[in-house]
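First comes the structure, then the notes that go with it.
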Amino acid sequence: MRRTLTSLLLGCLLMGASLASANWSGDKTIRLHGRDGKVVAVGSVRFTPSGDRTAVRVTMDIHALKDFFLSMREFKCLEGGTEVLCHVPYPYKNPGTITPTDLSWLEHQLLFFYKQPSDFGAKLWNGVYYRLTVTDKGLVGTPQAIDLNAIGAPPARTDVPPYGPAERNDVPAGARWFDRLTID
């Protein structure tokens, strides 16, 4: 148990060092990576350090994304291969801050759903949550499945991210057309 706790603590410290060494302040680019090797810059994140937390603000590039009117609402989407991937801005007030060991509010600003090009309407049960990990080059997100209908009503607590580990499922490798998201 002592070794496990020591390893966990060391891992957290190294992750914090990686985030700090990557100079997480200012603007960084958000890119989606397709299975075919296509890389599309879809927006940016502004990182503003403040004490032990860092404020994050995501801005999607409206020129890189296409307007889709689905289920009586406009979405900014990206067509790739056999899927359309649409950004879903998190609709409720939240802290909008991260720490080296908790990137969840940034992950919640990067919610998407996918649909087939021939599908009619938004497929909110096909939600995509990019679970971010810190690397020496930046942040890398791998897709996890979520049901975006869960945020159809305001949460009871706005300081707790609604999509914790229990609400997400790993996606098999290669199952999503855009199988990786990076921030650097």
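The values are calculated or read from the model by the stated rules, or taken from the named source; none is laboratory data. What you see is a predicted model; the values in this text were computed from it and never measured. Positions of Cβ are generated from backbone atoms using ideal geometry, with glycine treated the same way; all protein chains shown enter the neighbour counts. Accessible surface is based on the protein model in full, side chains and every heavy atom, while ligands, DNA and RNA are left aside. Shrake-Rupley method; radii C 1.70, N 1.55, O 1.52, S 1.80 Å.
Looking at region 133-153, is at least one residue in contact with a strand residue (DSSP E or B) (Cβ under 9 Å, 6 or more places away or on another chain), of a type in the set (D, E, K, R), in a loop (DSSP other than H, G, I, E, B) and farther than 19 Å from Pro89 by Cβ? Checking region 133-153: at least one residue is in contact with a strand residue (DSSP E or B) (Cβ under 9 Å, 6 or more places away or on another chain), of a type in the set (D, E, K, R), in a loop (DSSP other than H, G, I, E, B) and farther than 19 Å from Pro89 by Cβ.
For Phe69, the conditions (1) surrounded by 17 or more Cβ atoms within 10 Å (Cβ to Cβ); (2) hydrophobic (A, V, I, L, M, F, W, C); (3) assigned to a strand (DSSP E or B) are fulfilled apart from (1).
The residues on offer are Asp179, Asp159, Asp136, and the sole one that is in contact (Cβ under 8 Å) with a residue 24 or more places away in the chain and under 15 Å from the mean Cα position of the chain (by Cα) is Asp179. Scanning region 6-52 for residues that are modelled with pLDDT under 90 and of a type in the set (A, V, I, L, M, F, W, C) yields Leu8, Leu9, Leu10, Cys12, Leu13, Leu14, Met15, Ala17, Leu19, Ala20, Ala22, Trp24. Could you tell me whether region 32-47 includes any residue that is aromatic (Phe, Trp, Tyr), within 17 Å of the chain's Cα centre (by Cα) and within 16 Å of Leu148 (Cα to Cα)? No, every residue in region 32-47 fails to be aromatic (Phe, Trp, Tyr), within 17 Å of the chain's Cα centre (by Cα) and within 16 Å of Leu148 (Cα to Cα). Kindly list the number of the only condition in (1) surrounded by 13 or more Cβ atoms within 10 Å (Cβ to Cβ); (2) free of Cβ contacts under 8 Å to residues at least 60 places away in the same chain that fails for Pro172. Among (1) surrounded by 13 or more Cβ atoms within 10 Å (Cβ to Cβ); (2) free of Cβ contacts under 8 Å to residues at least 60 places away in the same chain, the lone unmet condition for Pro172 is (1). Determine which member of the set Asp170, Asp136, Asp119 is out of contact with any Leu (no Cβ under 8 Å at 6 or more places or on another chain), closer than 19 Å to Glu79 by Cα and not polar (S, T, N, Q). Sole residue among the options that is out of contact with any Leu (no Cβ under 8 Å at 6 or more places or on another chain), closer than 19 Å to Glu79 by Cα and not polar (S, T, N, Q): Asp119. If I ask for residues that are small (Gly, Ala, Ser) and open to solvent by 30 Å² or more (accessible area, probe 1.4 Å), which ones from region 77-127 would you list? Answer for region 77-127, where residues must be small (Gly, Ala, Ser) and open to solvent by 30 Å² or more (accessible area, probe 1.4 Å): Gly81, Ser118. Looking only at region 155-166, residues that are surrounded by 11 or more Cβ atoms within 10 Å (Cβ to Cβ) and either of a type outside the set (A, V, I, L, M, F, W, C) or under 14 Å from Val88 (Cα atoms) (or both) come to 5 in all. What's the number of the condition Ala41 fails, among (1) open to solvent by 60 Å² or more (accessible area, probe 1.4 Å); (2) within 23 Å of Ala175 (Cα to Cα)? So Ala41 meets the others, but not (1).
Under the condition of being out of contact with any helix residue (DSSP H, G or I) (no Cβ under 9 Å at 6 or more places or on another chain) and farther than 14 Å from Thr142 by Cα, the residues counted in region 92-118 number 9.
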